[in-house]
1. Residues being among the aliphatic types (A, V, I, L, M), part of a helix (DSSP H, G or I) and open to solvent by 40 Å² or more (accessible area, probe 1.4 Å): count how many of those fall in region 763-788.
2. So which residues in region 676-698 are touching a helix residue (DSSP H, G or I) at 6+ places or on another chain (Cβ under 6 Å) and either modelled with pLDDT under 95 or crowded, with 23+ Cβ neighbours inside 10 Å (or both)?
3. Could you check region 517-538 and list, in sequence order, the residues that are crowded, with 21+ Cβ neighbours inside 10 Å and part of a loop (DSSP other than H, G, I, E, B)?
4. Looking at V113, is it under 19 Å from A428 (Cβ atoms) and open to solvent by 50 Å² or more (accessible area, probe 1.4 Å)?
5. Go through region 1-24 and report how many residues are part of a loop (DSSP other than H, G, I, E, B) and modelled with pLDDT of 85 or more.
6. Looking for whichever is among the charged types (D, E, K, R) and at pLDDT below 95 here; the options are D606, D568. Which one fits?
7. Cβ-Cβ under 7 Å, sequence separation 6+ or interchain: first residue in region 165-183 and free of Cβ contacts under 8 Å to residues at least 60 places away in the same chain, partner part of a helix (DSSP H, G or I) and hydroxyl-bearing (S, T, Y). Which pairs?
8. Regarding region 492-508, can at least one residue be identified that is open to solvent by 10 Å² or more (accessible area, probe 1.4 Å), in contact (Cβ under 8 Å) with a residue 24 or more places away in the chain and under 18 Å from P781 (Cβ atoms)?
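The values are calculated or read from the model by the stated rules, or taken from the named source; none is laboratory data. Computed from a predicted model, the values in this text were never measured in an experiment. Positions of Cβ are backbone-derived with ideal geometry, glycine not excepted, and every protein chain shown enters the neighbour counts. Remember, those area values only see protein heavy atoms, side chains included, never the ligands or the DNA or RNA. Shrake-Rupley method; radii C 1.70, N 1.55, O 1.52, S 1.80 Å.
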Amino acid sequence: MSVRAPSRQAASCTRRVRVRVEGTVQGVGFRPHVYRLATQHELAGFVLNDSRGVLAEVEGGAAAVERFLAQLGPGAPPLAVVEGVLSEELEPHGASGFAILDSPRSGTIDAPVTPDSATCPECLEELFDPGDRRYRYPFINCTNCGPRFTIVRGIPYDRPFTTMAGFDMCGRCRAEYEDPGDRRFHAQPNACPDCGPSVSLLGMDGEPSATGPAGDAVRAAAEALREGKIVAVKGIGGFHLACRADDEAAVAALRARKHREDKPFGLMVAAMEDAARLVRLGPTERALLGGPERPIVLAPRLEGAAVAPSVAPSSPELGVMLAYSPLHHMLLAYLEEPASGAAVGCGAMRGPERGLATLVMTSANVSDEPIAYRDEDALARLGGIADMLLVHDRPIHTRTDDSVLRVLDTPAGPRKMLLRRSRGYVPAGLALPDGAGRPILACGAELKNTFCLARGSRAWVSHHIGDLENYETLVSFREGIEHFERLFGVDPEVVVHDLHPEYLSTKYAIDCGIEQLIGVQHHHAHLAACLAEHGEPASAVGAIFDGTGYGPDGTIWGGELLIGDLEDFRRVGSLLPVRLPGGARAIREPWRMACAWLSLAGTRQDGDHVPDIPPALSDHVDERSWRQVAQLSRSGLQSPLTTSMGRLFDAVGALCGLRARVNYEGQAAIELEAACDPAERGRYPMALKCDGGMIVIDPRETIRAVSADLEGGVAIGAVASRFHAAVSGATVEALSLAASTQDSELIVLSGGVFANRRLLEAVMAGLHAAGLRAIAPERLPVGDGGISYGQAAVAARRMAACNPNSERVR
């Protein structure tokens, strides 16, 4: 935080000062904070929101003004992020009284919008207080909590520019809103049962299934869940599909109806002690679970955790989040209600007599479509999945999925790793090291897409959009860009895209009508995103491991060693190239990659060599198909070369018999990590060689060792662990070799393969022991969700380094 204050004057002098506060200061109670602070020091003046943040003028005794300025930032409300306090001396004019003024609608927009925030303890206490007028009201909120980003339509963040504009406050709510001493002073979503949104339980025909007070509809939904029904629940950023997590029949039915065969479901519980009965929590996990963002946290499941087997098949972890909206708290409270029917407060009961209410809470969609967030959309799209809908009439303007993260054990201590950045974290801005000389739109990647807008020194990375592989997701992508452009006042003059010509994000960039286009290679964007996030201006050595990225040489990259900075890069190494037999089919069918690697690792040099089908795959692949794929691997027909580390993990997962075919992206690699025996200390060999100045990681001997162990009856857990150790050890050795040629000890680790906690922790520990400093993404996903920010950072650096019309910007 920067502070520029005027010089001290005598206490008897009268001063008037204009104060500009920048940062995340709208929708978090900052104006009430200014009001209370000014009146406490008997200062006159005003405060208002404008397009840049909060603007105030205060007048009074010099000593009182000094105290006001000193306390303004340190005493900020809990959700505020103060980035700067700038003050300017004005001529006093004998003002009296202090007022909160209406916000002007002019000027360049430069005020960060606040992410949605979980229900605060004060509101939660009122929610379950029978004497409070908002008792069991599912939309209770105050200045310190509640919806923000998902309901805002424009800025300044005032009620007319939110989806609450259609609800007129009653007299009592208006009095709270206008009372500087009240916790709801200028809380824009403020409401009560008399004037605010309401909730209903609908059948899938759209007809009400429960009428009366809000609590009746929520209670009826809880009763349906108790009976094994699937209920679509409208939350903060969209609908969830909910069922009892301990009911195997209900969870299995949800899987079948949603067409989600294996991917783990997220869980929701009421309180921290409930989460601690399901997963092992350290201090960092507890802090993240209980923070205002309320993400899904992946943590090791406890033996005997009361969840159905179908919740997270083949996974030693569970993804758990705490309830974050009043409606969620009420639903869980009714679900654990005693047989007498007397409602208890969510988490109010303590001790062994209290049951554990755990709900599956998964995105309300079919397969890879965007989540439903409008009532009519939910009725149309969820008819074959849900038995009923718990809806409300507060519109959601921007749909947002739940954020997902896990905690890493690094040499520097525990730190978070974001796997999906969305609700609770978006749209918090990030600094752009070089600044955007011209407004930028970066369109991101194809899978796990986000986009990024940048203006000046700030960049805004979008919420998780999803995989741009269908029309519905593309529409969500376009709508999100238009909303961010309005919200942050960005009119792009430069559009940045991936080099892959067939990505829908690339085609959007080319077709959007903006003349200045900049292409950024996929893995360079990963490297740049991590460097920019950490504010590292110099060159670094990077290991960028993922599944697929378009290489400038026309091959499919994915196991890359790069040296580069924000402007440019060069490739100094890679995984040994192998054929991708059948192209994209090999991504969906990992047995093909097993065949390709076995063929490449074979000891015979004649062209007729066809490896035997591994025993673990004999029930999944017929001899004819196996021979055809082996032929594709040799001939190269419909089989491009790839250096993908993700596909190597797929191959070993298939050899182990974990997954011959996958139902979601990265499944075989995820299950291989899950299979690791933590007690195993062995390591397979993995060679390094130099070829034409390139460092090549050669896993052929590794594949032969894996096959030999499996044929010899070695446990899959031991094989998986030895393979992970081989990859991590070879990576550390390769990076150390590359770094020895550079005047830098900085290492970047990024790409979706590094979402593998076992791998990333081992590589970071090895690099630390080698005296190298390793960084990985922390505020952005390690996978493709961070690509758009990296694209923006590269474009900004290139524009700063040269004429935008030169050939270097390409």
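1. Residues that pass the stated criteria total 2.
2. Passing the criteria: Y684, M686, I697.
3. Matches in region 517-538: Q521 only.
4. Answer is no for this residue.
5. The qualifying residues number 1.
6. D606
7. Taking only residues 6 or more apart or on different chains, the pairs are M169/Y177.
8. Checking region 492-508: at least one residue is open to solvent by 10 Å² or more (accessible area, probe 1.4 Å), in contact (Cβ under 8 Å) with a residue 24 or more places away in the chain and under 18 Å from P781 (Cβ atoms).
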